1. What number does segment A:24-120 give for Rg over Rh if you use C-alpha atoms and the Kirkwood radius?
2. Going down the table (A:K64/B:K151; A:K96/B:K56; A:K64/B:K178; A:K96/B:K65), which pairs top 32 Å between alpha carbons?
3. Kindly identify residues of segment B:182-204 having a loss of at least 40 Å² in accessible area between the isolated chain and the assembly of all protein chains, probe radius 1.4 Å.
4. Count, for each residue of B:71-81, the Cβ atoms from other chains sitting within 10 Å of its Cβ, then give me the mean as a whole number.
5. Measure off, as a whole percent, the carbon and sulfur share of the 1.4 Å-probe accessible area of segment B:81-148, all protein chains present.
6. Work out, step by step, the length gained on full extension between B:K144 and B:N126: first 0.36 nm times the residue separation, then minus their alpha carbon distance; give nm to one decimal.
7. Label A:L31 and B:A85 with points 7 Å out from Cα along Cα→Cβ: what is the distance between them in nm?
8. Using the Kirkwood radius built from alpha carbon pairs, what does the Stokes-Einstein equation give as D for segment B:92-204 at 25 °C and 0.890 mPa s, in µm² per second?
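The values are calculated or read from the model by the stated rules, or taken from the named source; none is laboratory data. Note that the structure is a prediction, hence the values are computed from the model and not measured. Here the Cβ is made from the backbone with ideal geometry for all residues, glycine too, and neighbour counts use every protein chain on show. Just so you know, the surface numbers come from the protein's heavy atoms only, side chains and all, with ligands and any DNA or RNA stripped out. Shrake-Rupley method; radii C 1.70, N 1.55, O 1.52, S 1.80 Å.
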Amino acid sequence: MSSTAAGALSDVQPRDEDGLPAPSRTRRRRLFGIVVGVILTPVVCAAMWPVTFDSREELFEIPKGTWARRMAGEKREILPSEIHLLVGIRNVLMLKNSDDVPQIFGPTLLMPGQSLRIPFTRPSENYFACTAHASGQLIVVVEATPIWPWNRLSWRVRGMLRRLSGP
Amino acid sequence: MKKTLLVGALLLPLVVLETYFSLRRPPRAEDGLRSGTFEPPREAPAFSLDGSNGEKLSLRAYLGKVVIVEFGYTFCQEVCPITLAHLTEVYKKLGSAAREVQLIYVTVDPARDSPERLREHLAVYNPSFLGATGSPEELVAVQKAYGVVAKRVVSNYQAQGYAVDHSSSLYLVDRQGKLRGLVPFGTPADDIVHDLELLLRKGS
């Protein structure tokens, strides 16, 4: 009786080479669907989700006490050698000196409490002489607004790669 | 059928958002200067150098005019010719208002830029452009006051002997002598005209 029942069960549920029940085609499909969904969902979201920022200004600030800390031997980079902006949505470079002494910041000298606000309205690559960087240059890359899904996806991937590759 | 509806229901909000943000009007142009703006503006660092007009050239002498301060040198092959050509176009576009604007071209290469050489060089672009030179110490002090970088390097053009890597931005000084704007290299002539007209209006 039991051998007949086992035979009937093996007809219904195929087993793999270890004798364990093999996943059915439906389950495999479901699993495949989940895997594809897990991979595709962030990609689709990254492509479809609009690029927005809470402010159009990308702020870089020299904090109070920076000069004193530098004099004490502390090395701290405030301005990256390359800054990426987006026309129309993140297109203003804001440099602020909150320290107590004048500081060369990016392309110019800023007095204590002074800021320099540079808007960029066109896609461009802007090179500023800057002694703070080993290359002697600060590069401001202004990109076109990523309007279409592919542009957004590509912009997000490039941003992620830049963050991964370090400052 | 159910699956199609489910996928559709999931994608619909994304498509709606996508359409909304794609069709949204682009932001308005900036109301203030189109170039970099110093806030608060500070007194433009004063200088008194040898002018290409054969006289002492003092920044203070131009109070009441809008002054463009450019740092460069006459042997420059890559930056200055473009900027000076731009400024020539700017002056043309300003028309009669150009009389209220003065370009002062401060050399970063005093060894080669004599007042005479500066005069001849600038006259090619606009006879009203003024050059300024001085001792290396005087010029370094002016560069430092404006935050300008200038470094002698090996030239890509062998005949020149050497080149000078230098800051390429222009500085805008208003009629009251305040340092108001920093114009990045490559800013279109129309944007410079816009800023100069704004400063001319504000200070009149």
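1. Rg/Rh for segment A:24-120 comes to 1.32.
2. A:K96/B:K56
3. SASA drop of 40 Å² or more in segment B:182-204: B:L182, B:P184.
4. Per residue, the average neighbour count from other chains is 0.
5. Summing carbon and sulfur atoms, their accessible area is 58 percent of the total for segment B:81-148.
6. 3.7 nm
7. Result for the modelled spin labels: 6.6 nm.
8. D = 156 µm²/s.
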